[in-house]
Amino acid sequence: MAANNRRMSGKKGAQVGSGGQRRKGLEGKGPTPPAEMRKKHKKNRIANAKAKQAARRPATLKGRGGKGTSEMVVGRNSVVEALREGVPASTLYVQQFIDNDERVREALQLAGERGGIHLMEAPRPELDRMTNGLNHQGLVLQVPPYEYAHPEDLAAAAYDQGEDPLIVALDGVTDPRNLGAVVRSVSAFGGHGVVVPERRAAGMTAGAWKTSAGAAARTPVARATNLTRALEGYKKAGVVVVGLAADGEHTVGDLEALGGPVVIVVGSEGKGLSRLVGETCDYRVRIPMPGGTESLNAGVAAGVVLYEAARRRA
């Protein structure tokens with residue numbers, strides 16, 4: 001009998017609790033998923049490949065001119081000055097257990113009064129990491145990326161206002177303070193914006209914002225992938241391109257074209273206009289300097305020509 005029991009126990013039969021599993025096996029699995037979601041299907045492999053490519057691509061920029069990169073302003077004096085001048089900021093980082101001196105109190109007060117600036121307390125090692133070991137003195141201000149306009153937008157905005165475009169383009173200007181000074185001059189003389197190249201040129205950093213003395217909030221800055229093509233686009237739109245050059249064929253005071261739609265191109269203090277940009281200009285003008293100074297920096301030179309343009313339009 002025992003042997004018989006052993007033979008019976010070895011037989012395959014229904015296991016305890018298998019009824020539910022069998023019922024599930026009889027149930028339908030629902031509608032067939034689309035091919036893109038079925039593993040090992042050709043369309044699924046294609047969809048996965050596209051997703052990986054999209055993940056590797058940079059994020060799409062909101063503005064047609066694109067955005068700059070975020071920036072950190074470090075040090076107590078620098079942070080306070082940036083807040084005083086209205087430099088855009090998203091977060092003020094304050095070191096834990098910081099010595100609460102007058103500059104720290106002013107930074108906190110300015111950030112609180114402006115509103116929209118997050119106050120974050122962080123340990124010193126974290127601030128050291130964020131600033132790559134710079135002497136931050138316990139205060140770090142994060143400046144969000146600047147959103148650039150597109151060169152075409154500057155002329156379009158002027159025409160929409162019933163005005164002739166007055167724009168300054170910078171060729172090879174790498175000092176952000178010069179860019180800020182030009183933005184300030186354009187704003188002062190009723191201009192419609194500034195164009196800078198995307199590469200090898202100054203951008204709208206905290207330094208440029210400070211030098212503009214608040215004008216950057218009112219005057220758009222556009223970024224061109226290729227400055228020569230941007231200038232050619234202006235010419236097709238009926239805007240005259242005037243380049244500043246020490247050996248220009250015309251003087252600023254004699255050029256009647258400054259009274260109409262115009263883009264004033266200013267080169268770097270050392271090299272001036274690049275060859276292609278110079279060839280693209282309709283006119284090349286010089287600023288008479290009886291004092292014998294060889295050249296003016298971009299901010300001063302732009303201001304002189306903008307004044308003449310504004311005088312002719314008055």
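The values are calculated or read from the model by the stated rules, or taken from the named source; none is laboratory data. It should be emphasised that the depicted structure is a prediction, and the values quoted were computed from it without experimental measurement. Here the Cβ is made from the backbone with ideal geometry for all residues, glycine too, and neighbour counts use every protein chain on show. Note: accessible area is taken over every heavy atom of the protein model, side chains too, but ligands, DNA and RNA are not part of it. Shrake-Rupley method; radii C 1.70, N 1.55, O 1.52, S 1.80 Å.
In this structure, is Gly180 in contact with a Ser or Thr (Cβ under 8 Å, 6 or more places away or on another chain), on the phi > 0 side of the Ramachandran plot and crowded, with 20+ Cβ neighbours inside 10 Å?
Here the answer is no, as Gly180 does not meet what is asked.
Among Asp164, Asp160, Asp171, Asp128, which is within 19 Å of the chain's Cα centre (by Cα) and either farther than 14 Å from Leu227 by Cβ or charged (D, E, K, R) (or both)?
When all the criteria are applied, what remains is Asp171.
When you check Leu119 against the structure, is it over 30 Å from Ala230 (Cβ atoms), among the hydrophobic types (A, V, I, L, M, F, W, C), buried (at least 18 other Cβ atoms within 10 Å of the Cβ) and in contact with a helix residue (DSSP H, G or I) (Cβ under 7 Å, 6 or more places away or on another chain), yes or no?
The answer is no for Leu119.
Among the residues of segment 152-184, what is the count of those that are under 15 Å from Gly65 (Cβ atoms) and in contact with a Gly (Cβ under 7 Å, 6 or more places away or on another chain)?
Adding up the residues that qualify gives 3.
Kindly provide the set of residues from segment 151-174 that are surrounded by fewer than 19 Cβ atoms within 10 Å (Cβ to Cβ), in a loop (DSSP other than H, G, I, E, B) and in contact (Cβ under 8 Å) with a residue 40 or more places away in the chain, ordered by number.
Asp164, Thr174
In segment 287-296, what count of residues is obtained for those that are under 32 Å from the mean Cα position of the chain (by Cα) and surrounded by fewer than 17 Cβ atoms within 10 Å (Cβ to Cβ)?
1
Can you give me the number of residues within segment 195-230 that are open to solvent by 40 Å² or more (accessible area, probe 1.4 Å), more than 25 Å from Gly272 (Cβ to Cβ), free of Cβ contacts under 8 Å to residues at least 60 places away in the same chain and not in a loop (DSSP other than H, G, I, E, B)?
Total meeting the criteria: 0.
Starting from residues that are in a loop (DSSP other than H, G, I, E, B) and either in contact with a Gly (Cβ under 7 Å, 6 or more places away or on another chain) or among the small types (Gly, Ala, Ser) (or both), keep the ones in segment 231-248 and report whichever is nearest to Pro261 (Cα to Cα).
Going through the qualifying residues, I end up with Gly238.
Quick check: anything in segment 303-313 among the hydroxyl-bearing types (Ser, Thr, Tyr) and not in a helix (DSSP H, G or I)?
no
Checking Glu102 against (1) open to solvent by 40 Å² or more (accessible area, probe 1.4 Å); (2) under 26 Å from the mean Cα position of the chain (by Cα); (3) within 16 Å of Asn77 (Cβ to Cβ), which single condition isn't satisfied?
So the condition that Glu102 fails would be (2).
For segment 270-286, enumerate the residues that are assigned to a loop (DSSP other than H, G, I, E, B) and surrounded by 19 or more Cβ atoms within 10 Å (Cβ to Cβ).
Hits for segment 270-286 are Leu273, Cys281.
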